[in-house]
Ligand SMILES: C[S@@+](CC[C@H](N)C(=O)[O-])C[C@H]1O[C@@H](n2cnc3c(N)ncnc32)[C@H](O)[C@@H]1O
């Protein structure tokens, strides 16, 4: 397919999902006619792109736990790409009647594999055909470390002992590229790789930082959750937001995990 005829490109204005999806595609072996499972599909990044690339002889099943996201994806799809199907399903417990897939992809997915990330990956690998490829992305350990260091220092200075303990529990629970590689190796996948690509997230000071659509939707909320007293959390974060020079540039680590199942005996 020539570049001119591709209509389902990754959205250019998206400064988070798209760069992660680009790294995923860099490692994904994509060919016409494949059967693909795309997990944590959201409203279709990169499911639409994958479906167009594999063409009508292939199939893409794209799943998400959120009925709202699935409805949004279906509304975008309309009658197009009929070999792409969106369904509401929990990726941590796939339905046993699902077929085997040649590829399983999941952009920005691994952080939602809780509580048992290894078990979730194992469940996915069970649905991968022989010589099939699993490719997952997530912001790995190290993401926004400069910000976390500023938060940690400020908590220490302000003697916020309980909050700091919860904050450390949160930091230590984040999966690393090494964790991901270990899971795939333990599951006997071959050609295992865990790759990391830095991504700068731009922010302004004060309200621009506190209400940054990416940060406030998840990463900063995790800090607020360390506080029982939300008005104290607000004052604490307002102070942090005054001095963004302390932690910018803000760098995320785009981690891509890739591995292949072996040929059947
Ligand atoms: C960060 S979004 C990524 C969406 C899309 N892949 C993208 O790149 O824009 C993560 C998605 O995972 C979905 N999700 C979270 N937990 C899930 C689960 N257990 N099973 C399926 N989807 C889940 C959320 O509803 C959300 O749409």
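Bear in mind that the values in this text are calculations on the coordinates, not laboratory data. All values derive from a computational prediction rather than experimental measurement. Cβ coordinates were reconstructed from backbone atoms using ideal geometry, including for glycine residues, and neighbour counts include every protein chain displayed.
Side notes on the structure shown:
- Cα-based helix-to-principal-axis angle, 145-157 vs the chain, degrees rounded to 10: 30
- Placing pseudo-labels 7 Å out from each Cα toward the beta carbon at residue 95 and residue 156 gives an inter-label distance of 5.2 nm.
- Looking at the chain alone, DSSP beta bridges between its own residues are antiparallel in about 50 percent of cases.
- Here is how the number arises for the chain: DSSP H runs of 4 or more residues each give -39500 (n - 2.57), the sum is divided by the residue count, and the result at 222 nm is -10500 deg cm²/dmol.
- Taking 0.36 nm per residue of sequence separation and removing the Cα-Cα distance, the residue 85/residue 245 pair yields an extension gain of 53.1 nm.
- As a proxy for reagent exposure, ranking 63, 251 by other Cβ atoms within 10 Å from fewest up yields 251, 63.
- Taking all C-alpha pairs of segment 183-265, those more than 19 Å from each other amount to 55 percent.
- Model label points for residue 67 and residue 216, set 7 angstrom from Cα along the Cα-to-Cβ axis, are 2.8 nm apart.
- Residues 164, 7 arranged by fewest to most Cβ contacts within 10 Å: 7, 164
- Percentage, to the nearest whole number, of Cα pairs in segment 46-95 over 14 Å apart: 49
- The label-point distance for residue 170 and residue 182, in a model that sets each label 7 Å from Cα toward Cβ, rounds to 2.4 nm.
- Degrees between helix 230-242 axis and first principal axis of the chain (Cα, 0 to 90, nearest 10): 90
- Most mobile of 241, 51, 129 in a GNM of the chain (Cα contacts under 10 Å): 241
- Taking the inverse of the mean 1/r over every pair of distinct Cα atoms in segment 121-201 gives a Kirkwood hydrodynamic radius of 15.2 Å.
- Length-normalised contact order of segment 76-198 in % [C-alpha pairs under 8 Å, at least 6 apart]: 23
- Value of relative contact order over segment 163-264, rounded to a whole percent, pairs C-alpha under 8 Å and six or more apart: 47
- Helix 177-186 vs. the chain, principal-axis angle (Cα, 0 to 90°, nearest 10): 40
- Packing-based exposure ordering (other Cβ within 10 Å, fewest first) of 238, 105, 261: 238, 261, 105
- Percent of Cα-Cα distances greater than 21 Å, calculated over segment 53-211: 60
- Stokes-Einstein D (µm²/s) once Rh is taken as the Kirkwood radius of the chain over alpha-carbon pairs, at 25 °C in 0.890 mPa s: 124
- For segment 1-144, radius of gyration divided by Kirkwood radius, i.e. Rg to Rh on alpha-carbons: 0.94
- Span from the segment 180-197 Cα centroid across to the segment 51-78 one, whole angstrom: 27
- Here the Debye sum runs over all C-alpha atoms of segment 136-251 as equal scatterers in vacuum, and log10 of I(q)/I(0) at q = 0.19, 0.21 Å⁻¹ comes out as -1.02, -1.19.
- Highest-MSF residue in the chain out of 220, 24, 37 [GNM, Cα springs under 10 Å]: 220
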